[in-house]
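Quick notes on the structure that follows.
The values are calculated or read from the model by the stated rules, or taken from the named source; none is laboratory data. Bear in mind the structure is a predicted one, so any value in this text is a computation, not a measurement. FYI the Cβ positions are ideal-geometry reconstructions off the backbone, even for glycines, and counts take in every protein chain you see.
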Amino acid sequence: MKVEMSRRLPKEVLLVARKKQPDEGPKEGAPLWMVTFSDMNSLMMGFFVTLFSMSTLSPGKFQQVSYGFQTIMSSPPGILTGGKSLSQQPLITSNPGIRQSILQIQANPEYKGMITVEETNQGLLIELKNAAFFQSGSANLSALAKDLLSKIGELIIEHSTNPLWVYGYTSDLPLPTDSIYTSKWDLSASRAAAVVWFFLNDLKNKRANELVTQVMNGQFQPDYWYNPSRFVAIGMGDVPVKSAIDSKTASINLEIQSLRQEYAAGEISYEELLDKTQSLNSEINTMESQINESYNRVDILVKNQGD
């Protein structure tokens, strides 16, 4: 019965049915446009992966690389000696650009005699002294102190990742009776803390406003550089001042004792004893005043990494 029905179908229907039958197999190869499209997709994927890896670069590393290029372009070539890798060296001392910048500030007539830079076993010690950093018995920073700390802080904070230890001092002069500080150590610690607070607040905000474009582009992140964990405030009290005064005035006190012995032996008159003693005491007072003034200061240690 089925055979008879198929035989009755028109020839046009049979031809259409045959045309709709699937191909026997796929064509060989892919279209040329598909090969080009696949290559373009691979290249675009690699491009975006590269962009992503650059976007995740630490802002600190980015700025270190940028500063390194600036140093290379502006400084004469150097020679590495000692067989030590750069990663083992503290950045602040191994980067000549930073140290040179500090020395340029030191050479500025405006800050003459205020900055001393010394290499120590613990790191680079920067002494900021011979300036009215604080009023007597106070931990409030003066305008001059803030100006100098801004210039030094920008260099050592933003171009290194080293720990920063801030030392505060005070003279051996008695505290005012109405002082809010309970001891010399309390005052010296408050002075060190005032410097750290200035770095983490005033200077940080100032630099963020100055570099607002870099902050928006992710090239500078204040929180990375001005990280509180980097800073340590240390109060030294007046112990260094007293020891310095004792060592400087010891020979003069011995000379005064010798004069008294000479007077007791009748070798000099009372007028000579009085005149020479007053002169030596005046010398002691001048020396004590100079030493006290020299400890109206702040020391910043850019500590070696890993110590």
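List of remarks:
- Residues that are loosely packed, with under 13 Cβ neighbours inside 10 Å and in contact with a helix residue (DSSP H, G or I) (Cβ under 9 Å, 6 or more places away or on another chain), drawn from the range 111-146: 112, 119, 132, 140
- Scanning the range 217-239 for residues that are assigned to a strand (DSSP E or B) and more than 13 Å from the chain's Cα centre (by Cα) yields 233, 234, 235.
- Flag for residue 191 being within 17 Å of the chain's Cα centre (by Cα), basic (Lys, Arg) and modelled with pLDDT of 90 or more: no
- Among residues that are modelled with pLDDT under 95 and of a type in the set (D, E, K, R), residue 172 is included.
- Only one of the numbered conditions (1) within 22 Å of residue 288 (Cα to Cα); (2) in a helix (DSSP H, G or I) is not met by residue 214, and that is (1).
- Residue within the range 139-159 that is modelled with pLDDT under 95, in contact with a Leu (Cβ under 8 Å, 6 or more places away or on another chain) and among the hydroxyl-bearing types (Ser, Thr, Tyr) present: no
- Selection within the range 256-287 - within 30 Å of residue 187 (Cβ to Cβ), out of contact with any Lys or Arg (no Cβ under 8 Å at 6 or more places or on another chain) and of a type outside the set (Gly, Ala, Ser): 281, 283, 284, 285, 286
- The set of residues from the range 212-239 being in contact with a Pro (Cβ under 8 Å, 6 or more places away or on another chain), over 30 Å from residue 174 (Cβ atoms) and among the aliphatic types (A, V, I, L, M) comprises just one member, 215.
- Single condition residue 160 does not satisfy, out of (1) within 17 Å of residue 241 (Cβ to Cβ); (2) buried (at least 22 other Cβ atoms within 10 Å of the Cβ): (1)
- Within the range 261-289, residues that are assigned to a helix (DSSP H, G or I) sit with their Cβ atoms under 7 Å from residues that are at pLDDT below 90 and charged (D, E, K, R), at 6+ positions apart or across chains, in these pairs: 287/248.
- Every listed requirement among (1) under 24 Å from residue 147 (Cβ atoms); (2) outside any loop (DSSP other than H, G, I, E, B) is met by residue 242 save one, (1).
- Residue check: residue 245 meets all listed conditions (1) crowded, with 16+ Cβ neighbours inside 10 Å; (2) β-branched (Val, Ile, Thr); (3) out of contact with any Asp or Glu (no Cβ under 8 Å at 6 or more places or on another chain) but one, namely (3).
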